[in-house]
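*Asks:* The structure is given below, and queries will be raised subsequently.
The values are calculated or read from the model by the stated rules, or taken from the named source; none is laboratory data. This one's a predicted model, so the numbers in the text were calculated from it and none came from an experiment. Cβ atoms come from the backbone with ideal geometry, glycine included; neighbour counts cover every protein chain shown. In case anyone asks, the SASA skips ligands and DNA or RNA and just uses the protein heavy atoms, side chains included. Shrake-Rupley method; radii C 1.70, N 1.55, O 1.52, S 1.80 Å.
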Amino acid sequence: MKKLISSLVVVGAMIASPVFASLDEDSATVSMNVALYATITGLDDFVLSTTAISGGAGAVYSGSDTYSLESNGQVRVSLSGVDLSNGRDSVPTSYALDGAGTSYDTTLDVVHNAAHTVSAEAILGDISAQKAGAYSAVITLTVAAL
Amino acid sequence: MTRLKCIFIFLLAAMPVWATEFAVSPMLIDFKSRPGTRESFEISVTGKQSGKIMLSTYAMTQQESGHMSFVESNFDPEEHKAVNWIHFEHKSYELIQNETTIIRAVIEIPRNERGTYLAAVMIEEVPGPSNSNISIKVRYAVILNINISHPSGRLITAFDNLSLVDRDGVTFIEGYFTNQNPFMGMLDSQVQIRDQDRRLVARLPLRTESAWQRGDKASRVYPGARVKVVARLKSSPSNGDYKILVRNKLSGKGLPIYRQEIAYRSSLRREPDDFELFRVTPERIIVSPRRSGLSYTSIAVSNNLDQSVSIDLPEGTDRDAGIEYFEFIPSHILLKPGMRQHVLLKQRHLPDIEYPGRKFVLAATFESGDQHALVITTFAEKS
């Protein structure tokens, strides 16, 4: 009987010890907040050229460049641009990101690292609708979280 | 060489010029603040190349699609007052390759302001000199979402202009939601479409285009914004009247249920066309009066629609056309989709008047209730 009691005491102590030990423990939650980060690389100015007769009526000039967008969350890339101009003369110009539209959103809750394309197309009017010369325009790509 | 010159005589751009490359973090900063406080924040800009950047503040407005747009000037100074609360240590910085520059700025929130305000710090490269080229400028918008504590009160919103519209071969249901509260809310909107017998036609979530594109389950609606929420129907409903019910919740709080009846007439279904929807054979119906003064002409009518159509065929007289009496046998036909049926045109012709041909108008009533006049033209044998 004594043996049984002493065995129960030993077992009880073994069970109880972690309970008392836990009173001395402390816990801490480690947290980290990673900010939204984005970068565009590899984008440079590009040339519009035509396979038609340069300066001819209705000649289509086109060009594009590829860039890389890397982000650790969802971002929106939008493009704005104006018609190519040379002094008072201008040529109707259309722009596109990835061949369609002027904006796109990367996927929700997913990192992003992919190549994209920005392209432009200008179409001449009649031969006398615009003077010959160098035409220029500025394209602005905006990267935003919303 | 001459050809080469010719190709480039209308050169639209010159030699490529690399843009200053840099990375920005964070791109969205949420402030939970109180009136009359000063909040400081930092933005890290890492130069992948050396170059110069400049900072500017932009107002932000929410478009009907739910997308945000940036406004540099000509914005409402009252609505976009937060732009004036932002102050930078410097307005431009020189970036060094592979080094991170810290931009320090503060927001001074006036004492009497409450609600949600948005503004953006635009960080853009200062482009170098360029000649006759298409310059590409990359800019990063660091959005400041400033939430100033406000007392909770009754929500003020509006929902209107609910409609069923056909666009690009698809039927959409869409309506407009206006957030007249001083804070941004997440709009959870559900629409139920029932027919006149109260049978459920569709139950769909309504979201802004932006929310659909981003994969958000609710639509962000900023103070004062009026956004279009839309859902795409799996198939175009039949023409008819529908009872529409919209349940809206803004940031979890239920709003009054919106109900409206809409009479829908699909523009996706082809307009009734005698030759496409009803095929009448023969295409050229020749009438040959007999010596007895009677003529019998067999005409086949096919229904190429996806719904049944009931056709009443006329009878009467037309002395100008030399017809003492005409009738179709039978006088009424019901054509199911794809069905074809023969009718007989019986005419009693007046003597001494040459038959000039005639148009007969048949009254067709579609299963949907729409009506259409089907015209059958007959010709004289000699014409």
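*Asks:* Here's a check for you: in segment A:93-115, which residue that is under 18 Å from A:L36 (Cβ atoms) and more than 12 Å from chain B (Cβ to nearest Cβ) is surrounded by the most Cβ atoms within 10 Å (Cβ to Cβ)?
*Replies:* Here the answer is A:H112.
Yes/no per residue for (1) modelled with pLDDT of 90 or more; (2) over 15 Å from the mean Cα position of the chain (by Cα); (3) within 19 Å of B:A141 (Cβ to Cβ); (4) not small (G, A, S):
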residue	(1), (2), (3), (4)
A:A52	no, yes, no, no
A:G56	no, yes, no, no
A:V60	no, yes, no, yes
A:A114	yes, no, no, no
A:G133	no, yes, no, no
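*Asks:* Could you tell me whether B:P182 is under 29 Å from B:I148 (Cβ atoms), open to solvent by 20 Å² or more (accessible area, probe 1.4 Å) and either out of contact with any helix residue (DSSP H, G or I) (no Cβ under 9 Å at 6 or more places or on another chain) or not small (G, A, S) (or both)? Show your work before the answer.
*Replies:* Numbers: under 29 Å from B:I148 (Cβ atoms): yes; open to solvent by 20 Å² or more (accessible area, probe 1.4 Å): yes; either out of contact with any helix residue (DSSP H, G or I) (no Cβ under 9 Å at 6 or more places or on another chain) or not small (G, A, S) (or both): yes.
Spelling it out, B:P182 is indeed under 29 Å from B:I148 (Cβ atoms), open to solvent by 20 Å² or more (accessible area, probe 1.4 Å) and either out of contact with any helix residue (DSSP H, G or I) (no Cβ under 9 Å at 6 or more places or on another chain) or not small (G, A, S) (or both).
*Asks:* Scanning segment A:127-145 for residues that are facing chain B (nearest Cβ under 7 Å) and open to solvent by 20 Å² or more (accessible area, probe 1.4 Å), which turns out nearest to A:Y37 (Cα to Cα)? Walk me through how you get there before you give the answer.
*Replies:* Step one: list which residues in segment A:127-145 are facing chain B (nearest Cβ under 7 Å), which gives A:132, A:134-145.
Narrowing the set further to residues that are open to solvent by 20 Å² or more (accessible area, probe 1.4 Å) leaves A:132, A:134, A:136, A:138.
On the way: A:A132: 44, A:A134: 37, A:S136: 32, A:V138: 25 Å.
Among them, the one singled out is A:V138.
*Asks:* Now, a different point. Restricted to segment B:108-161, and to residues that are modelled with pLDDT under 85 and of a type in the set (S, T, N, Q), which residue is surrounded by the most Cβ atoms within 10 Å (Cβ to Cβ)?
*Replies:* B:N133
*Asks:* Now a separate question. Could you look through segment B:301-319, keep only residues that are open to solvent by 80 Å² or more (accessible area, probe 1.4 Å) and in a strand (DSSP E or B), and pick out the one that is farthest from B:I333 (Cα to Cα)?
*Replies:* B:T317
*Asks:* Sticking with this structure for a sec: Got a sec? Which strands (runs of 3 or more DSSP E) wholly within segment B:138-241 have at least 1 residues that are at negative phi and within 14 Å of chain A (Cβ to nearest Cβ)?
*Replies:* Passing ranges, in order: B:185-194, B:200-208, B:219-221, B:226-232.
*Asks:* In this structure, is A:L124 more than 11 Å from the chain's Cα centre (by Cα), open to solvent by less than 60 Å² (accessible area, probe 1.4 Å) and more than 11 Å from chain B (Cβ to nearest Cβ)?
*Replies:* no
*Asks:* Within segment A:51-69, track down each residue that is at the interface with chain B (Cβ under 9 Å from one of its Cβ atoms), in a strand (DSSP E or B) and over 16 Å from A:D83 (Cα atoms).
*Replies:* Within segment A:51-69, A:D65, A:Y67 meet the criteria.
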